[in-house]
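The structure appears below as structure tokens.
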Amino acid sequence: MNAQQGDRITGVLGILVSASYVAYARRIEDGLLADEVGAAGVPSAVGLLMMLASVALLLKASSRSAGRVGEVAPENTAWASHRLALYLLGVLAAYVLVLPVAGYWVSVALLIGAVSALVGARDVKVIAACSVLGASGLYALFSLLLNIRMPAGLWPSWMGA
Amino acid sequence: MDVFFNAVLSVPTLWLLVAAFAGVIWGILGGALPGISPSIAMALLLPFTVGMAPATAIVLLASVYVGAEYGGSIPAILIRTPGTNSASATVLDGYEMARQGKAGEALGISLISGLYGGLFGLAVLVLATESLARIALAFTPAAYFSLGILGLSVIAGLSGGSMLRGVIAACIGLMLAFVGSDPVSGVPRFTFESADLLGGIKPILIMVGLFAVTEMLVQIGEPAWAKAVKSEARLKLPNWAMSKRLAKPQAIGAVIGTVEGVTPGAGGTIAAFMAYSEAKRWSKNPEEFGKGSPEGVAAPEAANNVVTATALVPLLSLGIPGSNSAAILLGGFLIHGLQPGPMLFQKAPEIVWSLYGGLFFANIAMLLIGLVILSPCIWLVNRPKPYLMAIILALVMTGVYAMHQSIFEIGMVLAIGVLGYGMRLLKIPVLPLVLGLVLGSLVESNYRRSLLISSGEHSIFFTDPVSLVLLLLAAVLTLYTGWKEFSDRKAAS
């Protein structure tokens with residue numbers, strides 16, 4: 001992505017976000033203790049400021065000559081990186097979903113294993129060892145040493161406890 | 001000298017000393033890992049500080065910052081990969097020295113220069129901060145509003161060449177700050193009827209998401225870093241003759257680090273490169289720079305360690321974080337219900353003195369630990385990236401949950417991480433967002449309070465002399481940066 005494209009995308013996203021934000025702010029109803037400015041006053045002003053900056057950025061992008069587009073990153077490398085980031089995000093989202101069901105130890109062991117494999121680890125035995133040791137170490141640190149109650153998951157109900 | 005003794009004597013408990021040493025160890029190890037900046041090393045520790053005594057937590061976080069600046073120079077010297085951004089200037093001569101078989105000497109120069117820089121910066125911090133805070137104590141709500149506006153106008157200097165992107169980032173920060181109950185009427189705003197958002201989005205979640213999660217999302221696409229050779233590195237402290245030679249570049253680094261540190265947005269990287277350039281200009285042997293000059297290591301290392309203390313001047317005196325690391329430290333204050341700024345000296349002076357004392361011991365700890373930690377650092381740098389990343393991510397996720405035992409907050413951190421990744425992709429600077437986030441409440445509540453006092457008259461912001469001066473300063477700063485950006489663009493075309 002070159003600088004011009006970046007400015008354009010930022011400008012368009014900025015306008016969309018700020019317009020939605022201002023529209024949402026306008027719907028805020030003031031309570032009995034409201035002052036002259038109101039609960040929506042400052043947020044609306046900030047939304048409008050963002051809209052102005054976004055429009056200015058769009059205009060700046062349009063005013064640039066087509067010949068000067070700035071530095072361009074190799075597309076293939078960039079997309080490969082974004083794809084990996086997306087997969088990592090998927091793994092992290094899965095962790096959030098699995099945590100209340102499978103409990104802390106199992107979820108974090110799966111997280112360590114999945115992230116290691118995603119980043120490039122191939123030796124299954126080492127991945128498994130790292131997952132078990134990592135999960136046990138973190139469990140010992142947080143649950144046993146710092147005495148923080150970590151999610152037990154559905155294990156107690158499954159085991160009839 | 002009294003202030004120094006006060007500072008040192010204010011570290012009365014064993015826990016503060018433990019925090020200083022532990023923070024430095026964590027900082028050096030984190031800094032030694034390429035991709036883990038001081039702010040990320042600090043952000044990783046933030047969740048652990050929740051249950052700690054406030055002074056211990058603040059000293060721990062500040063000590064991480066001190067340690068990380070030295071840690072960053074280790075891979076810079078050994079494998080030509082700066083562990084932190086501010087260690088980039090150290091690569092120029094540090095790696096050349098390593099290639100000439102003088103890696104240990106370069107590491108010793110880095111350590112000693114860092115120690116001098118850190119102690120000098122601490123002296124500046126102690127002497128400058130309280131006087132600045134005392135002035136700010138006389139502020140009215142109108143002046144506080146204008147101070148917030150001045151803080152936001154600093155955005156211009158933090159925007160990496162695009163003020164408009166900086167303004168957009170600051171607006172996002174302000175928008176995030178407005179989530180939750182309205183400070184005056186108490187009505188919910190931008191909560192989407194979620195009870196979890198009624199209390200607002202905690203700054204710590206935003207900082208962990210923006211700094212730690214975003215960095216992991218970026219790092220996964222980066223190639224693995226090179227391996228360090230253990231036999232090449234045996235730390236060697238400079239002898240008397242070398243110390244005399246290094247005094248000048250270290251002094252240059254100290255002065256530049258002070259100026260850059262107290263200037264919000266400048267930071268250690270700019271200080272290090274400027275110090276390198278000035279040390280070369282004033283050196284008797286400028287031709288050696290870039291070919292393994294010890295002076296080329298001393299100047300940037302002194303400069304970036306001065307910044308670890310002087311960057312805290314605007315934070316402690318005015319409540320304005322001027323760097324990512326200062327923003328994370330601010331997060332540490334907020335977790336414990338403390339608001340940095342002039343009132344901190346009135347409400348919790350013991351925290352400030354503990355921080356000064358803790359920073360002093362952190363610098364001493366850096367010297368002691370620096371002498372023995374090289375082998376563990378090399379071991380850590382040489383660990384396979386997949387397992388390191390996996391453990392770091394597991395630590396982040398666990399730490400976030402541990403703060404309030406909330407799975408919702410883990411989801412929030414992930415969402416903020418995605419926002420940070422998008423911002424990185426679109427080259428939108430992160431620091432203005434953090435500024436908007438932390439200054440949002442200050443600006444809004446003092447604006448509305450001022451209007452209540454003046455019965456809705458906006459002239460209060462111009463009739464209050466302090467407010468007027470601050471607003472003028474903000475205008476000058478914004479116009480100057482806008483003009484500079486415009487003229488730079490014109491010159492480039």
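Values in this text are rule-based calculations from the coordinates and carry no lab data. Since we're looking at a predicted model, the values are computed, not measured. So basically every Cβ, Gly included, is an ideal-geometry build from the backbone, and we count neighbours across all protein chains shown.
Restricting the stretch B:245-342 to trypsin sites (Lys or Arg not before Pro) that sit in a DSSP loop and have at most 10 other Cβ atoms within 10 Å of their own Cβ leaves B:284.
Shielding of peptide A:4-16 by partners, expressed as the average count of other chain Cβ atoms within 10 Å per residue Cβ, is 3.
By the gyration tensor of its Cα atoms, with a ≥ b ≥ c the square roots of the eigenvalues, what is the shape of the protein assembly as shown: rounded for a/c under 1.5, prolate for a/b over b/c, or oblate? Because its axes are fairly even, with a/c under 1.5, the protein assembly as shown counts as rounded.
Ratio of Rg to Rh for the stretch B:308-406: 1.06 [Cα atoms; Kirkwood radius as inverse mean 1/r over pairs].
Please average, across the residues of B:170-178, the number of beta carbons from any other chain that are within 10 Å of each residue's own beta carbon, and give a whole number. Shielding by partners across B:170-178 averages 6.
Taken over the stretch B:236-381, the alpha-carbon convex hull comes to 136 cubic angstrom per residue. Taking the empirical scaling 2.2 N^0.38 Å for compact globular proteins as reference, the stretch B:80-228 has a Cα radius of gyration ratio of 1.51.
Using a cut-off of 22 Å between alpha-carbon atoms, which lysines can reach residue B:484, once sequence neighbours fewer than 8 places away in the same chain are excluded? Output for residue B:484: A:60, B:427. Legend: mean number of C-beta atoms from other chains within 10 angstrom of residue C-beta atoms, peptide B:212-219, equals 3.
If neighbour count is taken as other Cβ atoms inside 10 Å, put A:105, B:282 in order from fewest to most.
B:282, A:105
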